[in-house]
Amino acid sequence: MGSSIDRARSGEADGVRPPGELLRRLPKVDRLLDDPLFAPHLSAHSRAETLATIREVLEELRARGARGELDAQEIEPAAIERAVRARLVAAAVPYYRPVINATGVVLHTGLGRAPIAPEVADALSDRVRHPLRVEIDPETGQRGGRDEGCAALIRELTGAEDATIVNNNAGATLLLLAALAAGRRVLLSHGEMVEIGGSFRIPDIMELGGARLAGVGTTNRTHPRDYEGAIDDTVAMILKVHTSNYRVVGFTEEVEIDELVAIGRRTGTPVVHDLGSGCMIDLAARGRPGESLVADSLAAGCDLVCFSGDKLLGGPQSGIIAGRREAVEACRKHPLYRAMRPCRLTYVALEATLRIYRADPDEVIERIPTLGRLLASAESLQPRASALAAALAPVEGLDAVIEPHGALAGSGSLPAREIDSLAVRLETDRLSATELAARLRDGATPIFPVVRDDIVRLDVRTIDDADVSVIAEKLAAILGA
Ligand SMILES: *Cc1c(COP(=O)(O)O)cnc(C)c1O
């Protein structure tokens, strides 16, 4: 007894107490809640959240106390308040938060693909707070035409007879197979049996849609006669799929869409083109070859095309099916359509995005951030690269060097074609490349760099001018600390 008190006393003298004693002095939850220190938290957060957070912190202190790792200052109410505040602040940061994309990958699936155009974001914030005309016709009061707002624009912009919208292009592909080819065979070149990623494999989707895959040709060469030879009355469709994330090069041959349409016409077989990206601006004419235009596939006479809304179109995640009226209607009438229809935010954002495409192409490129980023010349990036290098020059322990870099469209668009870009290489002895990249990604505004061969680079093609100062401040904090 006496000896334990002695130990406690002597502990007090040099600031180290035995664990049991410190833990007994740990403030009670109720006392902390009544402490004025905690009043600001109780007004900013719910009582339940504040209480739960205090309990978490006390729990952790108890666990550390039991391991003998605690010191006296940590159990002071002020110290506990600091720990509670840090947790509450961290919990208030949204999971889906803005990041800086310095990867040079314009459409980065991990970073949400196409950023929404500012005017589209305005349309969203204006309209989605109100009840919205979605399905009911204000003139007649009758139901119908859920996707008509977007469909009308797609008709106007692409020449399609009709269009319908689902949640994404994977859904669009599944729906059109289920609606037009269930129980029958679908011809697809072996060179186009792709896996897009995230377990989206065309053969699997086909099976899910109830269709039977009939591969034609070979991996590198498929000829018109391969399709013609395979057609009989069990064939529901000829499908062409954009080979999004790779290119077949060398001794190759593929059958172009107009030739497939000619075969389809001769044999009475519908032809469907899964375009992937949904490009509506002639990128090849602007130095970025590799994508066919939605309107071109439709003009060639495809029965249906399908494409994503959040790839080169630059809009919200969505899947668009466009083409012949009866084929689109068959998709819309299929029970899967109900399971795949988008939410109203998507219709508002997609309509606003499509409306931009009524402008002249050069203006469209200016107003759709994805296209602006994709088409910017390397020279036009020089001012931003210089501004970033200059902003980083005062950061101690860091060398920032501008150098050429290969950016990418990403998300299966313009596959395997590097885009001349500029990056700022970050050199420091204080942290390894892996550590530096991890610190950049950490925090309230994560910065995603390129890390390759133990070198960290920031590609300026995919950042905004306003990001420059944010990046400089963060690097100064990382290297200064
Ligand atoms: C990206 C892509 C898909 C999948 O589209 P999501 O919108 O991501 O579902 C399907 N087919 C092709 C050819 C693609 O490039």
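Note on the stretch 330-403: enclosed helices (runs of 4 or more DSSP H) holding 2 or more residues that are within 19 Å of the chain's Cα centre (by Cα) and at pLDDT 95 or above are 344-356, 369-375.
Of the conditions (1) away from the ligand (no atom under 15 Å from the Cβ); (2) assigned to a loop (DSSP other than H, G, I, E, B); (3) β-branched (V, I, T), I238 clears all except one; give me its number. Exception for I238: condition (2).
Note on the stretch 61-91: residues that are touching a residue at least 12 places away in the same chain (Cβ under 8 Å) and either in a helix (DSSP H, G or I) or at positive phi (or both) total 18. For the stretch 265-285, the criterion of being within 15 Å of the ligand (Cβ to nearest atom), small (G, A, S), touching a Pro at 6+ places or on another chain (Cβ under 9 Å) and assigned to a loop (DSSP other than H, G, I, E, B) is met by none of the residues. Looking at D362, D310, D303, just one residue is surrounded by fewer than 20 Cβ atoms within 10 Å (Cβ to Cβ), in the same structural domain as V272 (by TED's automatic domain parsing) and of a type in the set (D, E), and that residue is D362.
Checked against (1) more than 16 Å from the ligand (Cβ to nearest atom); (2) of a type outside the set (V, I, T); (3) under 18 Å from Y357 (Cα atoms), E291 meets all criteria but (1).
In the stretch 136-154, is there at least one residue being of a type in the set (S, T, N, Q), under 25 Å from T222 (Cα atoms) and in the same structural domain as V271 (by TED's automatic domain parsing)? The answer is no; no qualifying residue exists.
For the stretch 297-322, what are the residues that are within 16 Å of the ligand (Cβ to nearest atom) and not in a loop (DSSP other than H, G, I, E, B)? Across the stretch 297-322, the qualifying residues are S297, L304, V305, C306, F307, S308, G319, I320, I321, A322.
Give me the residue from the stretch 189-208 that is within 11 Å of A170 (Cα to Cα) and in a loop (DSSP other than H, G, I, E, B) and, out of that set, nearest to the ligand (Cβ to nearest atom). Only one residue fits best here, namely G198.
Conditions (1) outside the structural domain of Y246 (by TED's automatic domain parsing); (2) on the phi > 0 side of the Ramachandran plot; (3) surrounded by fewer than 13 Cβ atoms within 10 Å (Cβ to Cβ); (4) of a type in the set (F, W, Y), marked per residue:
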site	(1), (2), (3), (4)
E396	yes, no, yes, no
D442	yes, no, yes, no
D453	yes, yes, yes, no
V456	yes, no, no, no
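When you check V216 against the structure, is it away from the ligand (no atom under 16 Å from the Cβ) and more than 24 Å from the chain's Cα centre (by Cα), yes or no? Here the answer is yes, as V216 does meet what is asked.
Pairs are defined by a Cβ separation below 8 Å, a sequence spacing of at least 6 or placement on different chains, a first member in the stretch 241-260 that is small (G, A, S), and a second member that is not in a loop (DSSP other than H, G, I, E, B); the pairs so defined are S244/I196; S244/G276; S244/S413.
Among the residues of the stretch 324-345, the ones that are closer than 16 Å to L177 by Cβ, in contact with a strand residue (DSSP E or B) (Cβ under 8 Å, 6 or more places away or on another chain), within 16 Å of the ligand (Cβ to nearest atom) and not hydroxyl-bearing (S, T, Y) come to 2 in all. Being part of a loop (DSSP other than H, G, I, E, B) and in contact (Cβ under 8 Å) with a residue 12 or more places away in the chain is a description that does not apply to G406.
The values are calculated or read from the model by the stated rules, or taken from the named source; none is laboratory data. Values in this document were obtained by computation on a predicted structure and should not be read as measured data. So basically every Cβ, Gly included, is an ideal-geometry build from the backbone, and we count neighbours across all protein chains shown.
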